[in-house]
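The structure under discussion appears below in the form of structure tokens.
The values are calculated or read from the model by the stated rules, or taken from the named source; none is laboratory data. As the structure is a prediction and not an experimental result, all values here were calculated from the model. For neighbour counting, all protein chains shown are included, and Cβ atoms are generated from backbone atoms with ideal geometry for every residue, glycine included. Each accessible area value is taken on the protein alone, full model and side chains, heavy atoms only, with ligands, DNA and RNA left out. Shrake-Rupley method; radii C 1.70, N 1.55, O 1.52, S 1.80 Å.
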Amino acid sequence: MPAVAHQRILIDDLFDIIVQHNASDLHLQEGQPPKMRLNGDIRPIRDGILSHAEMEQMLSEVAGPRRWEAFVKKGDADLAYELNEDARFRCNLHRHLHGLGGIFRLIPNKIATIEQLGVPSVIKRFANVRGGLVLVTGPTGSGKSTTLAALVDYINSSYARHIITIEEPIEFVHNNKLSIITQREVGEDTPSFSDGLRNAMREDADVVLVGEMRDLETISLALTAAETGLLVFGTLHTNNARKTVDRMIDVFPSSQQPQVRTMLSASLRGIVAQLLLKKADGSGRLAVNEILIANNAVSSIIREGAVEKLTDVLISGRSEGMQFMDDAIMALVNKKLVSPREAYMKAIDKARFAPLLKDDEEEASGAMAAIANNGGQPIPKPSIAKMVPRIAKG
């Protein structure tokens, strides 16, 4: 839950640097200098390495006595820490080969709107439906939580509903506007995502946000809740709509998959896949989205298990607001907002983007040859490494 006002502690100086530079993450590792992720790259904050005593003091102060005791026993902890009224941090404390570690993700206290995020406004239609399942997907650090917070805030500002969020930990803190918002933290307010979701179905909820759908029980309950009329928002660590549908179904035993396809085809309202791309001018990162809006064709494809056809639906559904990931990435390249190299690294169809690497014809031809030899898969790591800017050593 949100932290109360506190006395400044040692780590706050490092948090201030993250906020001042608008970095996304603070990385602390015993035996290494403190580092931050800025515009996608990890950079050292200072030359001196962190000692065991420094790490123990900083991590224990962030955790507090009770959670620190639990961390000492388990070796891992997830929690939230409020720096001030303008910034909170999602914290992961852990042990590693050389000692203690911590990674801290900056969460602005002010929730950005969908327009401010630059996410296509068509996703507002998912907030307007009365029931069903909406999935926001992407790799770790792609901004899923930020996009979901904007959607929840839109509902909160537009409708009088009861919204329940189940998170680990609570990231964005919502104040009641037109809606009532109940935020529950896994490990503090409810034992697990599945327990929180099961209870939400008995708590007169209209909307439920599930911070992470990581196991069969949670996914099964989310489908059941969506079928009963709740609007369920959930997240998965998948990069596009096709992989998301596969993941939702493949988590179940094969004997249950036909029934799950039927349930998903009836309850799915849409999928928003999100990636972050580095801007060509080096000034930050841009969100890029694939958007699938469920219609009769999508329902039939899911029910039949022919998910490879979803790409055709995405491309042909532009008039309905749908968006194919590679088309969205190419639009950013054409506007010169991202470089061809960055686009190539994040694209699904590498062959489509390899010819754009004109500044290095040898690299482009090598990429095409590797694609041909690997059945359309990404080129080998040594070649990709050439495209990644060298990171300063700590």
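For Asn240, what is the net charge nearby, where nearby means another residue's Cβ is under 13 Å from its Cβ and Lys, Arg count +1, Asp, Glu -1?
-2
Pull up all non-local amide H partners of Ala80: gap of 5 or more, or a different chain, and H-to-H distance under 5 Å with H placed in the peptide plane.
The answer is Cys91.
Summing Lys, Arg as +1 and Asp, Glu as -1, what charge do residues with Cβ under 12 Å from the Cβ of Lys110 carry, Lys110 excluded?
Here the charged neighbours net out to -2.
Please list the radius of gyration and Dmax for the range 161-220, considering alpha-carbon atoms only, with Å as the unit.
Rg, Dmax (Cα atoms, Å): 11.0, 34.
Evaluate Rg over Rh across the range 44-166, taking Cα atoms for both radii and Kirkwood's formula for Rh.
1.07
Give me the accessible area per residue for the chain, probe 1.4 Å, as a whole number in Å².
47 Å²
Accessible area of the chain with a 1.4 Å probe: how many percent of it is carbon plus sulfur?
Carbon and sulfur together cover 49 percent of it.
Could you tell me the extents of the chain's C-alpha atoms along the three principal axes, largest first, rounded to whole Å?
Result for the chain: principal-axis Cα extents of 61, 58, 40 Å.
Can you work out the Karplus-derived ³J(HN,Hα) for every residue in the range 26-41? Use 6.51 cos²θ - 1.76 cosθ + 1.60 with θ = phi - 60°, whole Hz, and x for glycine or proline.
Listing the rounded values in order: 10, 10, 10, 9, 4, x, 10, x, x, 9, 10, 9, 10, 6, x, 9 Hz.
Measuring from label point to label point, each 7 Å out along Cα→Cβ, what is the Arg202 to Ser254 span in nm?
Calculated label separation equals 3.7 nm.
Per residue, how big is the convex hull of the range 86-127 when only Cα atoms are used? Give it in Å³.
It comes to 119 Å³ per residue, whole-number rounded.
Quantify how much of the Cα-Cα distance distribution of the range 280-328 extends past 12 Å, in percent.
Result: 65 percent of Cα pairs exceed 12 Å.
Where the centroid of each part is defined by its Cα atoms, how far is the range 184-241 from the range 272-298 in Å?
That distance is 24 Å.
If R₀ is 35 angstrom, what is the calculated FRET efficiency for the pair Asp246 and Arg66, using the beta carbon separation as r and rounding to 0.05?
0.30
Amide H neighbours of Leu100 under 5 Å, at least 5 residues apart or on other chains, H built in the peptide plane: list them.
Glu30
Rounded to a whole number, what is D in µm²/s for the range 165-309 from Stokes-Einstein with the Kirkwood radius over alpha-carbon pairs (20 °C, 1.002 mPa s)?
Taking Rh from Cα pairs, D becomes 129 µm²/s.
Using DSSP to call loops (not H, G, I, E or B), can you name the trypsin sites (Lys or Arg not before Pro) in the range 125-177 whose Cβ has at most 14 other Cβ atoms within 10 angstrom?
Answer by residue number: Arg130, Lys177.
Please list 3J(HN,Hα) in residue order for the range 107-113, calculated via the Karplus relation 6.51 cos²θ - 1.76 cosθ + 1.60 where θ = phi - 60°; whole Hz, with x for glycine and proline.
The phi angles translate into 10, x, 6, 8, 7, 6, 7 Hz.
Kindly provide the helix-only [θ] at 222 nm of the chain, computed as the sum of -39,500 (n - 2.57) over DSSP H runs of four or more divided by all residues, to the nearest 500 deg cm²/dmol?
Helix-only estimate at 222 nm: -11500 deg cm²/dmol.
Please give the charge dipole size of the chain, origin at the Cα centre, charges +1 on K and R Cβ atoms and -1 on D and E Cβ atoms. Round to the nearest 20 debye.
Dipole about the Cα centre, nearest 20: 720 debye.
For Lys177 paired with Ser157, estimate the spin-label separation in nm (one decimal), with each label point 7 Å from Cα along the Cα-to-Cβ line.
0.4 nm
Nearest 0.05, what FRET efficiency do Gln57 and Leu216 give at R0 = 56 Å with Cβ-Cβ as r?
Efficiency, from the Cβ-Cβ distance: 0.85.
Out of residues 5 or more away from Ile45 or on other chains, whose amide H comes under 5 Å of its own, with H placed 1.01 Å from N in the peptide plane?
HN-HN under 5 Å from Ile45: Lys35, Met36.
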